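Step one of this worksheet: look at the structure below.
Readers should treat all values here as calculations from the given coordinates under stated rules, not as data from a laboratory. Just so it is clear, the model here is predicted, and its values are computed rather than measured. Cβ sites come from the backbone with ideal geometry, for glycine too, and all protein chains shown count toward neighbours.
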Amino acid sequence: MTEPLLKVEGLKKYFPVHSGVFGRVSGHVKAVDDISFFVNEGETLGIVGESGCGKSTTGRLLMRLLEPTEGKVYFNGKELTGITKEEMRKMRRDIQMVFQDPYASLNPRHTVEKILMEPLNVHNIGDPKDRKKKVYELLETVGLSSYHAKRYPHQFSGGQRQRIGIARALMTNPKLIIADEPVSALDVSIQAQVLNLMQELQKTLKLTYIFIAHDLGVVRHISDRVGVMYLGNMAELANSEKLYEKPLHPYTQALLSAVPVPDPDFEREQVVIEGDIPSPANPPSGCRFHTRCPYKMDICEKVIPKFAEIEDGHYAACHLYEESRPQ
Amino acid sequence: MTERPKVLDVKGLKTSFFTDDGEIPAVNNVDFHVREGEVLGIVGESGCGKSVTSLSVMGLVPSPPGKITGGEILFQNRDLTKFSEKEMRDIRGNDIAMIFQEPMTSLNPLFKIGNQLKEAILVHRKDWSKRQAHARAVEMMQLVGLPRAEELMNEYPHQLSGGMRQRVMIAMALLCEPKLLIADEPTTALDVTIQAQILKLMGELNERLGTAVILITHDLGVVAETCQRVVVMYSGKVVEEGPVDTIFKDPQHPYTRGLLASVPDMRFKKDALYSIPGNVPKPGSIKTGCPFAPRCEHAWDRCVEETPPLYETASDHQTRCFLYDPKEVDSRDRTTVES
Ligand SMILES: Nc1ncnc2c1ncn2[C@@H]1O[C@H](COP(=O)(O)OP(=O)(O)O)[C@@H](O)[C@H]1O
Ligand SMILES: Nc1ncnc2c1ncn2[C@@H]1O[C@H](COP(=O)(O)OP(=O)(O)O)[C@@H](O)[C@H]1O
Ligand code: SF4
Ligand code: SF4
Ligand SMILES: [Mg+2]
Ligand SMILES: [Mg+2]
């Protein structure tokens, strides 16, 4: 088997919590706590989970927009967590990000042309003429027109701004795109347009995606494999059909059963889980889901379940499956 | 089954905003009704006029720049558009209650939850003692499934999670046993497991208390799950109205069909997602003809020249589209092209 494009091992990010007048560190928010996964070239890995579970932090750690507390990230066989800031800056040519709110990530005082040109300037790609040509080319690629180049972000609708965000990410011909809730702020009809665009681009440009979202329908639609996060942990990861058809982890089961389906006849087995998501500053001991899990056993409060391969390519962290594991 | 009486009957409602760019007809000739004990869904994309419709019913349209410029809002056969501000205050929170997407907009961060609930009762139940109000508040908090109700009375809104705050809002809305509850995107800001809890609660309360509910949402899954009847809005107008079953299984308006086809379904993978071309228009930006015409794959000359009325396509189903004009002989062929 070929090496994955991206490999993540034991990644952690603890944010210090300050309190009192002297701002002493009184604890840590364990935003991402020991997660491991890989992404193959050309595939889409979806990452889902409820708010605060650590999805965005994970995305930013991969880009090293945040420094990990622990753990390793390999891209194309090279360890990103070991290289200097300057080397990392160069690597960002190959790894780009698309954000939820394109408006917040586009400078309102710059024209679209200037915004799109910037990554080329930063990475010193091409001469001014090439750069301009590339801007026009990419505007067309994402379904806008060359006359849009002279306009400002506020002159576009939400969907068009997200197209600009995508065009900007593509300027440097990256291999990997980390998209953090790229369609969450868009209306349903516009969301479908952007999802279709992203799928088309993936095919023609052979892109690899990490697609972060909280909408389970959207993630199933776009992903080859999906990881489910809960309170900073990866609870389950499998190919998307398996995960949605035969989820193993009790949290995934509850999450899937909670999603309203656009079909009035559909009778779901509702596993309504009680209670709220605990705080990541003070997560439950053992399995972090034990405070809400309908299958909780004694061991769950004490021992952290290992994230392990339970069936071929199907990973989960849950004591229920500990025996069935091939030794 | 005999039809239950209408609690609310909105007829030809027009609400506009008067801005520097001129008049924005946010709600443009809207008709709909809600029957006793019914859950009606109002669905549509952002800016189509859902919130302004509900604010109009509540008498809460910000004025200026907003104003109800026409139509009737009949609540128990009385026209609310003719009510004074004082009369509306008596109606709000008493006969009609509303909950919003973000509960913090209606909870005062500076006051204890208990005081806010008691205040909300005593405004309308002037003859009640504080003790009675307290007991009622605790009873409602328990009814909406809040744990430690007595203790929560002494806590401040920020001490609660988003899901708990929304439960407090529901408790507050139901204090005076309103005939009608308007819920504007009540679960949009919540996580999906918490949303499931809140929707289940609202369904149970509707059954137990018989409160009629208008549920406003952009989420078609939420509509399918909780509503009996659905109004689909587009650009300030009702474009389709019917029972939830036929809206989802036999949608008629090209916009409704497009919208349903655009939603990724978690249960299976669609090969390609249908997408409606173009952008969601601002209300009033399309002056003549069908507001959906620029995005509609069935549009023909008539659609840009005339504005379609609502056509009755079944006794309980209406669609604002010329394809359903009985006079359009070839309209049947047009509709079958796509499906
Ligand atoms: N810069 C930061 N400082 C402190 N805590 C943070 C910071 N960024 C995120 N967090 C916390 O880390 C947790 C995970 O956040 P995030 O990765 O944004 O979650 P998600 O994207 O899944 O909603 C949350 O509890 C959040 O409050
Ligand atoms: N305070 C306001 N001033 C001017 N226009 C407004 C105001 N509030 C709403 N509108 C207009 O009314 C339209 C409908 O808004 P709204 O009912 O909030 O939509 P939604 O369906 O998303 O709830 C919007 O497109 C906007 O143009
Ligand atoms: S480890 Fe225990 S508490 Fe955690 S999900 Fe599995 S059964 Fe539930
Ligand atoms: S009236 Fe014409 S443009 Fe409007 S929805 Fe019907 S077919 Fe399409
Ligand atoms: Mg996030
Ligand atoms: Mg609204």
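Longest segment of chain B with no trypsin sites (Lys or Arg not before Pro) in a DSSP loop having at most 16 other Cβ atoms within 10 Å?
Result, exposed sites excluded: B:149-266.
Quick one: net charge of residue B:200's neighbours, Cβ under 12 Å, K/R +1, D/E -1?
Charge balance near residue B:200 sits at -2.
Give me the inter-chain shielding for B:273-286: mean count of other chain Cβ atoms within 10 Å, whole number please.
Other-chain Cβ atoms within 10 Å of each residue's Cβ, averaged: 4.
Only residues of the range B:62-94 count here: report those whose backbone N is under 17 Å from the spot 7 Å along Cα→Cβ of residue B:20, or say none.
B:65-66
With unit charges on the beta carbon (Lys/Arg positive, Asp/Glu negative), name the residue among A:285, B:198, A:195 whose Cα is farthest towards the positive pole of the charge dipole of the protein assembly as shown.
Projecting each Cα onto the dipole axis, the largest value belongs to A:285.
Apply the Kirkwood formula to the range B:225-339: the hydrodynamic radius equals the inverse of the mean of 1/r over all pairs of different alpha-carbon atoms; give it in Å with one decimal.
Answer for the range B:225-339: a Kirkwood hydrodynamic radius of 14.9 Å.
Can you show me the helix-derived [θ] at 222 nm for chain B, built from DSSP H runs with n ≥ 4 at -39,500 (n - 2.57) apiece and divided by the number of residues, rounded to the nearest 500.
Helix contribution divided over all residues of chain B: -9500 deg cm²/dmol.
For each of A:319, A:221, count neighbouring Cβ atoms within 10 Å of the residue's Cβ, then give the residues from fewest to most.
Fewest to most other Cβ atoms nearby, the residues stand as A:319, A:221.
Lys/Arg Cβ at +1, Asp/Glu Cβ at -1, dipole of the protein assembly as shown taken about the Cα centre: which of A:112, A:319, B:278 is farthest positive-ward?
Result: A:112, furthest along the dipole toward the positive end.
If you take every residue apart from residue B:168 with its C-beta less than 12 Å away from the C-beta of residue B:168, what net charge results, scoring Lys and Arg +1 and Asp and Glu -1?
Summing Lys/Arg as +1 and Asp/Glu as -1 gives +2.
Could you tell me the relative contact order of chain B? Use alpha-carbon pairs under 8 Å, at least six residues apart, and round to a whole percent.
About 19 percent, as a whole number.
Using the crude model of +1 on Lys and Arg Cβ and -1 on Asp and Glu Cβ, and no other charge, please compute the dipole size for the protein assembly as shown relative to its Cα centre, in debye to 20.
Roughly 2080 debye for the protein assembly as shown.
Given +1 on the Cβ of Lys and Arg, -1 on the Cβ of Asp and Glu, and no further charges, what dipole in debye does the range A:78-189 carry about its Cα centre, rounded to the nearest 20?
Its charge dipole is roughly 420 debye.
So what are the radius of gyration and Dmax for the Cα set of the range A:53-166, in Å?
16.0, 47
Can you give the FRET efficiency for residue A:157 and residue B:300, using 1/(1 + (r/R0)^6), R0 = 30 Å, r = Cβ-Cβ distance, to the nearest 0.05?
Taking R0 as 30 Å, the efficiency between residue A:157 and residue B:300 is 0.70.
Rg (Å, one decimal) plus Dmax (Å, integer) for the alpha carbons of the range B:107-175?
10.9, 34
Any aspartates and glutamates with Cα under 13 Å of the residue A:203 Cα? List them, leaving off those in the same chain fewer than 8 positions away.
Correct list for residue A:203: A:41, A:43.
Along Cα→Cβ, 7 Å out, is where each label goes; now give me the distance between the ones at residue B:139 and residue A:21 in nm to one decimal.
A separation of 4.9 nm, rounded to one decimal place.
Taking the Cα centre of chain B as the origin and placing charges on Cβ (Lys, Arg +1; Asp, Glu -1), which of B:107, B:209, B:33 is farthest toward the positive end of the dipole?
Of the candidates, B:107 comes out farthest on the positive side.
Rg (Å, one decimal) plus Dmax (Å, integer) for the alpha carbons of the protein assembly as shown?
According to the Cα coordinates of the protein assembly as shown, Rg and Dmax are 26.6, 80 Å.
Taking the Cα centre of chain B as origin and charging only Cβ (+1 Lys, Arg; -1 Asp, Glu), how large is the dipole, in debye to the nearest 20?
Rounded to the nearest 20 debye, it is 960 debye.
Show me the three semi-axes of the equivalent ellipsoid for the range A:179-327, from the C-alpha gyration tensor (sqrt of 5 times each eigenvalue), largest first, rounded to whole Å.
Gyration-tensor ellipsoid for the range A:179-327: 29, 18, 15 Å.
Testing the spin-label approximation: label points 7 Å from Cα along Cα→Cβ at residue B:228 and residue B:148. State their distance in nm.
3.9 nm
Please identify the longest segment of chain B free of exposed GluC sites (Glu not before Pro), where exposed means a DSSP state other than H, G, I, E or B and no more than 13 other Cβ atoms within 10 Å.
Counting at most 13 other Cβ atoms within 10 Å as exposed, the longest clean stretch of chain B is B:4-296.
Using only alpha carbon pairs under 8 Å that are at least six residues apart, calculate the relative contact order of the range B:191-296 and give it in whole percent.
17 percent
Tell me the volume per residue, in Å³, of the convex hull enclosing the alpha carbons of chain B.
Per-residue hull volume (Cα only) is 156 Å³.
For chain A, what relative contact order do you get, as a whole percent, if you take Cα pairs closer than 8 Å and at least 6 residues apart?
19 percent
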